[in-house]
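The values are calculated or read from the model by the stated rules, or taken from the named source; none is laboratory data. Being a predicted model, the structure only gives us computed values, none of them experimental. All Cβ positions, even for glycine, are placed from backbone atoms using ideal geometry, and neighbour counts span all protein chains on display.
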Amino acid sequence: MDVVYCFSSYLGTILRICGLMVAIPILRYVSMFVAVEFSKRFSRHIGVLIGHVIFYGGIAFVGVNILHEFGFNVTALLGAAGVVGVAIGFASQTSISNIISGFFLLVERPFSVGDTIKSGDIIGIAESIDLLAVRVRTLDNKLVRIPNEMVLKHSLTNLTYYSIKRIDLLVSVTYGEKIDVIMRMIRNVVKREASFLKTPEPIILMNKVAQQEFSAEMRNFLSVRVWVAKDQFSIATSLLIEQLKNEFDEHGIAVTIVALN
């Protein structure tokens, strides 16, 4: 009877452990499903974060129960883990600060995954907001890791937060050119290109009359401000400069064009 009881006990333990192991792929599926649903309802970052919490929390639960089945004193292990955790916490205050900053970023949501951001000298697309850092893919396809604490402490610009953006040019022509003619030429270029929005209206106005840099020549300077959809912003400035140059070349007018953003 003792042999049968021991065999039944071991068999029950093995079956329970196998059941716990089967829970791991189920956890993976559930966490991915929850991540997708939360991404649809809120944002991709929140979905990924909730999915990770469910998966790793479930893994911890499964691990504790497996240790319990093997006869380990889980209470003592958790107590020891708590003491070790306190010691590690004092030794890793920077990491804790980054974790807390990550939660503030999540609550405040100054940007979402997929937005183009500027932090310090770094400009790129936010790939993820992890526990310790923000991962950014720069415009020349490099991966940059910015600690959450640094993102929260310093100014951050979300370049794609609004649906439209403005491009600014400074156009200069020789002092003898008629300003009304130059303005009309610029308006014609803007009207012809569908990428440039009609609302808000483009702004073309006199900026200054001054000498060209490193030259004694007096020139007329005009400000040109044109609005575009944010998905056109990366090419809109170059497109406008090219079309203005072609327009002025056709009329034999020497022009200097400088992008201000």
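Do we find that ASN261 is touching a residue at least 24 places away in the same chain (Cβ under 8 Å), surrounded by fewer than 12 Cβ atoms within 10 Å (Cβ to Cβ) and not in a helix (DSSP H, G or I) in this structure? Working first, answer last.
On the way: touching a residue at least 24 places away in the same chain (Cβ under 8 Å): yes; surrounded by fewer than 12 Cβ atoms within 10 Å (Cβ to Cβ): yes; not in a helix (DSSP H, G or I): yes.
So ASN261 fits the description; yes.
Look through ILE167, ILE125 and report the one residue that is part of a strand (DSSP E or B), modelled with pLDDT of 85 or more and touching a helix residue (DSSP H, G or I) at 6+ places or on another chain (Cβ under 6 Å). Before the answer, list the steps.
Numbers: ILE125 fails: touching a helix residue (DSSP H, G or I) at 6+ places or on another chain (Cβ under 6 Å).
Answer to the selection: ILE167.
Yes/no per residue for (1) under 21 Å from SER112 (Cα atoms); (2) within 12 Å of the chain's Cα centre (by Cα):
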{"residue": "ASP140", "(1), (2)": "yes, no"}
{"residue": "VAL151", "(1), (2)": "yes, yes"}
{"residue": "HIS154", "(1), (2)": "yes, no"}
{"residue": "LYS165", "(1), (2)": "yes, no"}
{"residue": "SER172", "(1), (2)": "no, no"}
{"residue": "TYR175", "(1), (2)": "no, no"}
{"residue": "ASN188", "(1), (2)": "no, no"}
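Name the single residue, out of those in segment 138-157 being exposed (fewer than 15 other Cβ atoms within 10 Å of the Cβ), at pLDDT 90 or above and of a type outside the set (Asp, Glu), that is nearest to ARG225 (Cα to Cα). Spell out the reasoning first.
Step one: filter segment 138-157 for residues exposed (fewer than 15 other Cβ atoms within 10 Å of the Cβ), giving 138-143, 145, 153-155, 157.
Adding the requirement that they be at pLDDT 90 or above leaves 138, 140-143, 145, 157.
Keeping just the survivors that are of a type outside the set (Asp, Glu) gives 138, 141-143, 145, 157.
Working: THR138: 27, ASN141: 30, LYS142: 31, LEU143: 33, ARG145: 34, THR157: 20 Å.
Looking at residues that are exposed (fewer than 15 other Cβ atoms within 10 Å of the Cβ), at pLDDT 90 or above and of a type outside the set (Asp, Glu), I get THR157.
May I ask you to say which residue of LEU222, LEU244 is touching a residue at least 24 places away in the same chain (Cβ under 8 Å), in a helix (DSSP H, G or I), within 38 Å of the chain's Cα centre (by Cα) and under 12 Å from LEU169 (Cα atoms)? Even if it seems obvious, please write down each step before you answer.
On the way: LEU222 fails: in a helix (DSSP H, G or I).
Of the residues listed, the single one that is touching a residue at least 24 places away in the same chain (Cβ under 8 Å), in a helix (DSSP H, G or I), within 38 Å of the chain's Cα centre (by Cα) and under 12 Å from LEU169 (Cα atoms) is LEU244.
Which pairs do you get when a residue that is without any contact (Cβ under 8 Å) to a residue 40 or more places away in the chain, found in segment 153-175, comes within reach of a residue that is surrounded by fewer than 14 Cβ atoms within 10 Å (Cβ to Cβ), reach meaning Cβ atoms under 9 angstrom, with the pair 6+ apart or on two chains?
Between residues of segment 153-175 that are without any contact (Cβ under 8 Å) to a residue 40 or more places away in the chain and residues that are surrounded by fewer than 14 Cβ atoms within 10 Å (Cβ to Cβ), the close pairs are HIS154/GLY120; SER155/GLY120.
Can you find, within segment 207-258, the residue that is surrounded by the most Cβ atoms within 10 Å (Cβ to Cβ) among those that are of a type in the set (D, E, K, R) and more than 18 Å from GLU193 (Cβ to Cβ)? Before the answer, list the steps.
Applying the first criterion (of a type in the set (D, E, K, R)) to segment 207-258 yields 208, 213, 217, 219, 225, 230-231, 242, 245, 247, 249-250.
In the following step, the residues that additionally are more than 18 Å from GLU193 (Cβ to Cβ) were identified as 208, 213, 217, 219.
Details: LYS208: 11, GLU213: 9, GLU217: 11, ARG219: 21.
Within segment 207-258, the match that is surrounded by the most Cβ atoms within 10 Å (Cβ to Cβ) is ARG219.
Are any residues in segment 98-114 more than 12 Å from VAL151 (Cβ to Cβ), surrounded by fewer than 18 Cβ atoms within 10 Å (Cβ to Cβ) and at pLDDT 80 or above, and if so, which ones?
Of everything in segment 98-114, those that are more than 12 Å from VAL151 (Cβ to Cβ), surrounded by fewer than 18 Cβ atoms within 10 Å (Cβ to Cβ) and at pLDDT 80 or above turn out to be ARG109, SER112, GLY114.
Results for (1) in contact (Cβ under 8 Å) with a residue 40 or more places away in the chain; (2) of a type outside the set (Lys, Arg), shown as yes or no for each residue.
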{"site": "LYS178", "(1), (2)": "no, no"}
{"site": "PRO202", "(1), (2)": "no, yes"}
{"site": "MET206", "(1), (2)": "no, yes"}
{"site": "LYS230", "(1), (2)": "yes, no"}
{"site": "PHE233", "(1), (2)": "yes, yes"}
{"site": "LEU239", "(1), (2)": "yes, yes"}
{"site": "ASP249", "(1), (2)": "no, yes"}
{"site": "ILE253", "(1), (2)": "yes, yes"}
{"site": "THR256", "(1), (2)": "yes, yes"}
